[in-house]
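A.B. asks: For reference, the structure I am asking about is given below.
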Amino acid sequence: MDFREVVEKRRSIRSFQKDDISNEIIEDIIDCGRLAPFAKNRQPWYFVVIRNKEKDAIVNIMEEWLRNADIKKYEKYIGHKSSVFGTSRVIREAPVIILIFYKKEEVWIEGDNLSIGAAIQNMILRATSLDLGSLWIRDTDSMKEEISKYVGFSDMELSSVLALGYANEFPSPRPRKNLADIMIYYKEEK
Ligand SMILES: Cc1cc2nc3c(=O)[nH]c(=O)nc-3n(C[C@H](O)[C@H](O)[C@H](O)COP(=O)(O)O)c2cc1C
């Protein structure tokens, strides 16, 4: 697959087959994350791989949050509670998830977040090129402290979770804004 094809083929996948992914492939994907650009020479990322039944604890933490979350507090985030539910099902079904952590240091948060986004995108595109489906997850943000504590990373911040597996669905592309509506050639004559 050429690079443009990989970019165009990628979708968020929310239904996975049961087949596991080998450690070799997982390490290849995380290695592509490691090769992403990073701000201020920080390489702020840590990756925790969780498989099969071990994921249930993460799902339980999300379900516990759903039982207790004050709906009023989340009203302004349309559908947040239900999207947490949907995402918890995806985590349950995916054979592998990767938790992406960073060491929180107030002055570097913005740069670190951008670096981590670059790493996650590298991983997602590598997964696509290997015919794997993926879902970038941030619905775990509401219960990130509990998750960090559970995996023994209390001193770090959970940025995102990446769910990986062989796709069991083939969604059409989500609509995108037109290029002409989001870019200009500044002050260039037509
Ligand atoms: C930072 C980030 C966080 C996301 N978090 C979630 C999530 O928690 N649950 C989910 O189902 N999708 C999540 N998504 C996937 C988006 O919903 C998806 O990328 C978007 O709808 C566009 O669809 P596509 O990825 O298939 O092109 C997230 C995407 C990004 C970039």
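The values are calculated or read from the model by the stated rules, or taken from the named source; none is laboratory data. Since the structure is predicted, the reported quantities are computational estimates derived from the model, not experimental observations. Backbone-built Cβ (ideal geometry, glycine too); neighbour counts: all protein chains shown.
A.B. asks: Take the stretch 70-81 and flag every residue that is in contact with a helix residue (DSSP H, G or I) (Cβ under 9 Å, 6 or more places away or on another chain), outside any loop (DSSP other than H, G, I, E, B) and not hydrophobic (A, V, I, L, M, F, W, C).
C.D. replies: If the condition is that a residue be in contact with a helix residue (DSSP H, G or I) (Cβ under 9 Å, 6 or more places away or on another chain), outside any loop (DSSP other than H, G, I, E, B) and not hydrophobic (A, V, I, L, M, F, W, C), then 74, 80, 81 are the ones that fit.
A.B. asks: Which residues, taken from the stretch 70-113, are surrounded by fewer than 16 Cβ atoms within 10 Å (Cβ to Cβ) and of a type in the set (A, V, I, L, M, F, W, C)?
C.D. replies: 71, 78, 85, 107, 109
A.B. asks: I'd like the residue in the stretch 39-92 that is within 12 Å of the ligand (Cβ to nearest atom) and among the hydrophobic types (A, V, I, L, M, F, W, C) and, out of all such residues, is farthest from residue 116 (Cα to Cα).
C.D. replies: So the residue we want is 85.
A.B. asks: If a residue has to be part of a loop (DSSP other than H, G, I, E, B) and among the aromatic types (Phe, Trp, Tyr) to count, how many in the stretch 14-69 make the cut? Give the derivation first.
C.D. replies: Taking the stretch 14-69 and keeping what is part of a loop (DSSP other than H, G, I, E, B), we get 14-15, 17-22, 35-38, 42-44, 69.
Next cut, among the aromatic types (Phe, Trp, Tyr) only: 38.
Residues that pass the stated criteria total 1.
A.B. asks: A further question on this structure: Would you check which residues across the stretch 13-38 are away from the ligand (no atom under 16 Å from the Cβ) and surrounded by 17 or more Cβ atoms within 10 Å (Cβ to Cβ) and list them?
C.D. replies: Looking only at the stretch 13-38, we keep the residues that are away from the ligand (no atom under 16 Å from the Cβ), and these are 17-32, 34-35, 37-38.
21, 26, 29, 30, 32, 38, listed by residue number.
A.B. asks: Could you count how many residues in the stretch 33-60 are touching a residue at least 60 places away in the same chain (Cβ under 8 Å) and within 26 Å of residue 121 (Cβ to Cβ)?
C.D. replies: 16
A.B. asks: Tally time: how many residues in the stretch 53-73 are at pLDDT 95 or above and of a type in the set (A, V, I, L, M, F, W, C)?
C.D. replies: 5
A.B. asks: Are there any pairs with C-beta distances below 8 angstrom linking a residue in the stretch 100-112 that is closer than 20 Å to residue 50 by Cβ to a residue that is loosely packed, with under 14 Cβ neighbours inside 10 Å and among the hydrophobic types (A, V, I, L, M, F, W, C), with the two at least 6 apart or on different chains, and if so which?
C.D. replies: Sorted first by the residue in the stretch 100-112, then by its partner, the list stays empty.
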